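The values are calculated or read from the model by the stated rules, or taken from the named source; none is laboratory data. Fair warning: this is a prediction, and the values are worked out from it, not measured in the lab. Glycine gets a Cβ as well: all are built from the backbone with ideal geometry, and neighbour counts include every protein chain shown. Side chains included, ligands, DNA and RNA excluded: accessible areas come from the protein's heavy atoms. Shrake-Rupley method; radii C 1.70, N 1.55, O 1.52, S 1.80 Å.
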Amino acid sequence: MTEPSLQAAKTCELHVHIGGSLFAADLLDLARDHYEKIDWSLFVDSFERAYHRRPDPVALFREALHSQCLDSLKAHCVYGAEDGGDFAHFQAKFNLAICIYRHWWNVLGKPEEILHRIFAHHRGEGLRYVEYRAMAPYDHIQPEAFAQFHELTARAIAQACTEDFTARYLISLPRWAPLECYKLVQRLLDENEDLVPTIVGLDFCHFEEGYPPASTRAFFRRLRRDNERHPERALDVAYHVGEVYFDKSLESAVRWCHEAAELGALRLGHCTALGLDPEVAVARRSQAHERELVSERLAQIAYDLQHKDALEKFGVPVDDQALMQERSHLSSRPGDVLVCRAYDPPRLEAVRRRQDFALSRLVAHDTVVETCPTSNLRIGAVPDAKDHPVHRFLASEVRLAIGADDPGLFDCTLADEVNWVQRHTGMTPDALQARLGDPRDYRCGLRRVR
């Protein structure tokens with residue numbers, strides 16, 4: 001039964017992806033009459049690359065239907081603790097659901113059946129407000145397909161609303177073409193004014209490695225200009241960052257979170273890099289975070305020189321002469337070459353202070369962190385509940401919302417996630433609710449001028 005003091009947190013979902021919202025039982029039911037006809041190649045190929053074995057989905061579904069046991073199916077579509085810390089593993093299991101989605105969308109022409117199941121799940125869980133996110137399997141290269149996907153999804157979300165269930169839509173933009181696809185979103189709104197109340201924001205998700213926030217500057221400039229021109233349909237941004245970042249140093253991962261907030265994102269998804277203790281972070285893999293691209297190191301040097309005074313106030317030593325010397329040395333090297341810098345206790349302590357600085361900047365910008373406990377433990381490779389970033393977030397002043405992320409893939413609900421935080425922090429329900437506030441205060445579209 002929902003604790004009255006935690007009802008707001010358990011009934012408002014700000015971080016959930018449509019693609020990850022079907023549970024194993026849903027996938028079995030959706031595939032029962034079609035599993036022999038579905039194109040499973042995306043799932044099979046990605047699973048083989050990630051897990052080094054080639055599954056037989058036809059045999060898998062045949063067995064599940066015959067035995068009425070979901071264990072084997074779940075082993076291929078639920079991302080568990082044993083899979084943790086590798087986004088490619090997560091995507092491989094996600095792809096089983098995507099193959100079923102594609103069959104219902106492209107072959108059967110009945111995508112609404114999938115969407116209605118998801119809405120029914122959330123209404124059944126007692127959710128009152130949900131912001132759904134989805135990434136189209138198309139980008140600007142196929143503009144009509146991109147628009148059709150998002151228009152259909154947005155209309156289904158609009159039609160799902162009732163007196164006690166409000167749903168809104170955040171369109172996920174591909175990190176490799178944000179500005180190009182954003183222009184398609186604006187055209188979609190121009191041609192479908194009735195969808196303006198439903199489409200309230202934009203999202204950046206999927207693989208973050210290789211796509212620094214700085215690469216979205218042109219997009220954010222255009223967004224600010226358009227929001228000023230059309231305040232009645234202004235769009236907010238939710239940005240996944242600092243979730244999986246083994247391709248860079250801890251300093252750069254912290255910087256990415258700060259930069260995403262400075263660019264203008266309303267909410268940041270996960271931000272594990274701001275809350276996971278540096279000593280725990282570097283112990284997750286051999287030589288973790290010791291190597292990064294020259295381009296990233298140069299960006300970090302520029303950042304440290306820019307924020308020297310503020311960083312030093314937080315106890316981060318910044319030797320500007322040494323940094324400028326290093327910059328001069330690295331500037332002649334190709335940007336895609338790796339540099340290596342080992343960690344020692346003083347450097348790890350400096351990263352902790354960098355985390356404090358970045359969190360303080362998020363507070364100054366009223367930026368919200370979306371923490372997703374199970375997702376962070378598994379995808380984010382957080383080794384233990386006691387190490388979870390939520391402890392650091394709750395101890396700070398940063399605005400915080402709890403989300404389920406991909407409930408079907410993690411086999412959990414929003415209420416489960418809120419209960420997890422309450423249980424593992426030892427906070428009373430009243431104390432946790434007082435710290436979190438009402439997540440509806442952080443929803444997208446609030447700044448629109450009506």
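Against the definition (in a loop (DSSP other than H, G, I, E, B), under 23 Å from the mean Cα position of the chain (by Cα) and under 30 Å from T413 (Cα atoms)), how does A288 come out, yes or no? So that I can check it myself, show each step before the final result.
Details: in a loop (DSSP other than H, G, I, E, B): yes; under 23 Å from the mean Cα position of the chain (by Cα): yes; under 30 Å from T413 (Cα atoms): no.
Against the criterion (in a loop (DSSP other than H, G, I, E, B), under 23 Å from the mean Cα position of the chain (by Cα) and under 30 Å from T413 (Cα atoms)), A288 does not qualify.
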### Message
Take the residues in segment 196-219 that are farther than 30 Å from D86 by Cβ and in contact with a Leu (Cβ under 9 Å, 6 or more places away or on another chain); name whichever of them is surrounded by the fewest Cβ atoms within 10 Å (Cβ to Cβ).
### Response
A218
### Query
For the subset of segment 125-161 comprising residues that are open to solvent by 20 Å² or more (accessible area, probe 1.4 Å) and touching a Phe, Trp or Tyr at 6+ places or on another chain (Cβ under 6 Å), which member is farthest from I402 (Cα to Cα)?
A145
### Query
Does R168 satisfy the condition of being surrounded by fewer than 20 Cβ atoms within 10 Å (Cβ to Cβ), at pLDDT 95 or above and on the phi < 0 side of the Ramachandran plot?
no
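Being out of contact with any helix residue (DSSP H, G or I) (no Cβ under 9 Å at 6 or more places or on another chain), over 18 Å from A260 (Cα atoms), free of Cβ contacts under 8 Å to residues at least 12 places away in the same chain and surrounded by fewer than 21 Cβ atoms within 10 Å (Cβ to Cβ) narrows it down to one residue among E228, E232, E193; which is it?
Details: E232 fails: free of Cβ contacts under 8 Å to residues at least 12 places away in the same chain; E193 fails: out of contact with any helix residue (DSSP H, G or I) (no Cβ under 9 Å at 6 or more places or on another chain).
Criteria check complete, one pass: E228.
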### Task
Taking A92 as the residue in question, decide whether it is buried (at least 19 other Cβ atoms within 10 Å of the Cβ) and small (G, A, S).
yes
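Taking C444 as the residue in question, decide whether it is free of Cβ contacts under 8 Å to residues at least 40 places away in the same chain, within 23 Å of H122 (Cα to Cα) and open to solvent by less than 30 Å² (accessible area, probe 1.4 Å).
Judged against the criteria, C444 is not a match.
Please go through segment 184-236 and pick out each residue that is among the polar types (S, T, N, Q) and either touching a Pro at 6+ places or on another chain (Cβ under 9 Å) or on the phi > 0 side of the Ramachandran plot (or both).
Scanning segment 184-236 gives S215, T216.
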### Task
Of the conditions (1) within 28 Å of I118 (Cα to Cα); (2) touching a residue at least 60 places away in the same chain (Cβ under 8 Å); (3) surrounded by fewer than 18 Cβ atoms within 10 Å (Cβ to Cβ), G403 clears all except one; give me its number.
(3)
### Message
Looking at (1) aromatic (F, W, Y); (2) surrounded by 23 or more Cβ atoms within 10 Å (Cβ to Cβ); (3) more than 23 Å from D86 (Cα to Cα), which one does Y239 not meet, given that it meets all the others?
### Response
(3)
### Task
Would you mind listing the helices (runs of 4 or more DSSP H) fully within segment 204-285 where at least 2 residues are acidic (D, E) and within 17 Å of E296 (Cβ to Cβ)?
250-263
### Query
Using beta carbons and a limit of 6 Å, which pairs, at least six apart or on different chains, have the first residue in segment 331-360 and over 16 Å from D304 (Cα atoms) and the second one assigned to a strand (DSSP E or B) and not hydrophobic (A, V, I, L, M, F, W, C)?
L338/R291; C340/R291
